[in-house]
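Data first, discussion second: the structure below is written as structure tokens.
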Amino acid sequence: MCLCGVDYFSTLGYQPSIAFEGAGTLAPLATLVLVLVTLFGALPIYSHVAGETPDGVGSIGMIERMFKGWGAKLVVLVLIGFAATDFVITKTLSAADAAAHLISNPLYEDHVPTWLQGQMPTTMFLLVMLGAMFLKGYGEVVGVATVICTAFLGLSLVVVLASVFHLVTHPALLQQWFTEISTGNYHLGHAPLSGTGPWVAMGIAVLVFPKLALGLSGFETGVLHIHMVRGTEADPHNEQARIANTRRMMLVAALIMSFFLIGSSLATGTNTLIPAEELRLEPVKGKAMDRALAYIAHGESPHPICPLFGSVFGTIYDISTILILWFAGASAMGGLLNMVPRYLPRYGMAPTWASAYRPLVLAFTIINLIVTLAFRADVSAQGGAYATGVLVLMTSACIASFLHEMRKTPEPHHALALYSQRVGFGLITLVFIYTTLANMIERPDGIIIASIFIGCVMLLSFTSRFLRSDELRLKEFRFADPADRMLWTDIILEGAFRVLVPHRPGSRSLAEKEAEIRRKHRIPETVPLVFLEVHYGDVSEFQNAPIISARQEGTRFVIVARDVVSVSHTITQVAMEMTKGGAPLDIIFGWSKGGSLKLALDYVLFGQGDVPNRVVDLLDTAIADPARRPTVIVG
């Protein structure tokens, strides 16, 4: 929970400031809306996602499983682009905010070299150190996250409880807040509604709560790490226990965060303990901006909240805040390390080394440094992109869960429960669609930045797939039944079958094809032929795993390969397998008849008509020794 929670809980470092910036003195009401959406929206949805994806594929994996073909692949790539936005900006924004806390502390300025006192070098140093931690090992990251998370929550509890207690025991402060709300003095630059009164205030809170959406992060990371959750002591891999424990983990994290969100908004967002001008970016950045709870912990509030608060306690709190903000990147890094190898390499959309742990850590660290340079390590500039990535992923989880429920067939005894779940998921989906669109309209820079990430993912993915087109791409041979496996094994081990004839079913019978082949190539009747029929499956897949069936018709053998992703690759793979038992065989293709222009257009537009040349290229790449390479004959 701590590894996933460092992303979630660390937003307390900047969430109160963002809440006041977006909602003014209505921040506690807007935060209450956020908490309700969390507990009755995000939590049920991700509990459902956890139940459907115990292997840790998350909401993106749910969508991938529900749809097939290139359309599904493109949707997954787009979602990976948004997820990359979320995870990368989580790391860079958190590191930038940690740096802001760090350089604001006077002890830091007195004890570090001058070159490390700026926002940019401090942020980049923290990102490099995070990458180095992951290079050391994942177990160390989990252990450190537990210590940091526990310390930060404990210190934050002291700050929040002391602040709320001071408010409750000083009714004049609460009366001041109520008066400002009742008179419409919300400290908002542009309120979406005009007027005064409780209903207007609540309406404004509902409309502006999407600006507080950073407090929703952490759920997607939680389901992505479900495969790391232990089932039971007796059976750590018990699937149902693992799902139940993951749901319990998310519930506990959501309840903890809900308490801190409401408490911190009361302490910082009422223009009482922290004056409104200290939470402004302009004309002069306030002292509490990006560090509202730290402002209170340092005793900078004009009210004597707690005698414990001061430079010593404030510095200790700063240290815990800086560490959890810095380490929030660990949760994001874990999500990236789990997501990228799961999808891109098997789609052919990334080089094979993208499945390796250490190269990925180095690659992501470099990307983080580039993003930090692009944003000049500015916390506010990255908020829109972060919220966009978080909300799009959560909306995709809602849509996936809703569609999954809609595909279920109602059972007589559970029909009412299913219909209720459909209605509930539908309403939650509408709420998150509204939240996402409202955030994009309010902060269009988020969708622009996310689009850049998506464009990069698409460009690199299709470039990688093109460059990997000459890979053999064989995952495995599957078999329709044991008899097919036995006959296939006999053909391979026999080593006497030296002629393989690819055959396109439907154009003519096998007897006609065999007669023509023997006549044109002068093959005597004593030489057995093996015919190969290939049937397409989902051609958007990269790895080939054909389903093989085999039969014998007199002296003729027929191999049928179904569910293939590429005809050329399948013919090559079958020919190489048959060559293992003896001398290289001959692969005899028929000549594609038709005009030269038509054949050229068929190849360019539809990838047809040039299978023999592709087979030759694949064989040349796969078998270095020409003496061991099957011969391709076209006639």
### Task
Output the number of residues of the stretch 570-584 satisfying the condition of being surrounded by 20 or more Cβ atoms within 10 Å (Cβ to Cβ) and at pLDDT below 90.
2
### Residue check, residue 428 of a type in the set (A, V, I, L, M, F, W, C) and within 30 Å of residue 347 (Cα to Cα)
no
### From the options 437, 416, 459, residue that is out of contact with any Leu (no Cβ under 8 Å at 6 or more places or on another chain) and farther than 26 Å from residue 85 by Cα
416
### Query
Picking from 336, 360, 344, 266, which residue would you name as being farther than 30 Å from residue 468 by Cβ, hydrophobic (A, V, I, L, M, F, W, C) and either part of a helix (DSSP H, G or I) or assigned by TED's automatic domain parsing to the domain that holds residue 12 (or both)?
266
### Task
Look through the stretch 298-326, keep the residues that are under 11 Å from residue 101 (Cβ atoms) and β-branched (Val, Ile, Thr), and return whichever of them is surrounded by the fewest Cβ atoms within 10 Å (Cβ to Cβ).
315
### Query
So, of the residues in the stretch 373-391 that are surrounded by fewer than 24 Cβ atoms within 10 Å (Cβ to Cβ) and at pLDDT 80 or above, which turns out to be nearest to residue 37 (Cα to Cα)?
375
### Task
Only one of these is within 23 Å of the chain's Cα centre (by Cα), at pLDDT 90 or above and not assigned by TED's automatic domain parsing to the domain that holds residue 616: 452, 448, 399. Name it.
399
#### Entry: Residues within the stretch 235-288 that are under 30 Å from the mean Cα position of the chain (by Cα) and closer than 21 Å to residue 217 by Cα, tallied
22
### Summary
Scanning the stretch 100-124 residue by residue, those farther than 19 Å from residue 312 by Cα and touching a residue at least 12 places away in the same chain (Cβ under 8 Å) turn out to be 117, 118, 119, 120, 122, 123, 124
### Message
I need a count of the residues in the stretch 243-274 that are more than 28 Å from residue 227 (Cβ to Cβ) and polar (S, T, N, Q).
### Response
6
### Query
Can you find even one residue in the stretch 286-293 that is modelled with pLDDT of 85 or more, surrounded by fewer than 18 Cβ atoms within 10 Å (Cβ to Cβ) and part of a helix (DSSP H, G or I)?
no
### Task
Within the stretch 462-510, count every residue that is part of a helix (DSSP H, G or I) and either surrounded by fewer than 13 Cβ atoms within 10 Å (Cβ to Cβ) or not basic (Lys, Arg) (or both).
18
### Summary
When the stretch 24-43 is checked residue by residue, the ones that are on the phi > 0 side of the Ramachandran plot and surrounded by fewer than 20 Cβ atoms within 10 Å (Cβ to Cβ) are none
#### Entry: Test result for residue 352, hydroxyl-bearing (Ser, Thr, Tyr) and over 30 Å from residue 540 (Cβ atoms)
no
### Query
Taking the condition under 23 Å from the mean Cα position of the chain (by Cα) and closer than 25 Å to residue 75 by Cα, does residue 430 pass?
yes
### Hits in the stretch 163-221 - residues which are exposed (fewer than 13 other Cβ atoms within 10 Å of the Cβ), assigned to a loop (DSSP other than H, G, I, E, B) and either small (Gly, Ala, Ser) or not assigned by TED's automatic domain parsing to the domain that holds residue 382 (or both)
189, 194, 195, 197
### Task
Within the stretch 114-128, identify whether any single residue is assigned by TED's automatic domain parsing to the domain that holds residue 368, farther than 30 Å from residue 336 by Cα, of a type outside the set (Phe, Trp, Tyr) and in a helix (DSSP H, G or I), and answer yes or no.
yes
### Query
Can you find a residue in the stretch 490-503 that is within 20 Å of residue 569 (Cα to Cα) and without any contact (Cβ under 8 Å) to a residue 60 or more places away in the chain?
yes
### Task
Restrict the check to the stretch 328-344 and report whether at least one residue is surrounded by 17 or more Cβ atoms within 10 Å (Cβ to Cβ), hydrophobic (A, V, I, L, M, F, W, C), over 24 Å from residue 455 (Cα atoms) and in contact with a helix residue (DSSP H, G or I) (Cβ under 7 Å, 6 or more places away or on another chain).
yes
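The values are calculated or read from the model by the stated rules, or taken from the named source; none is laboratory data. Quick caveat, the model's predicted, so the values are computed rather than measured. Cβ: placed from backbone, ideal geometry, glycine included. Neighbour counts: every protein chain shown.
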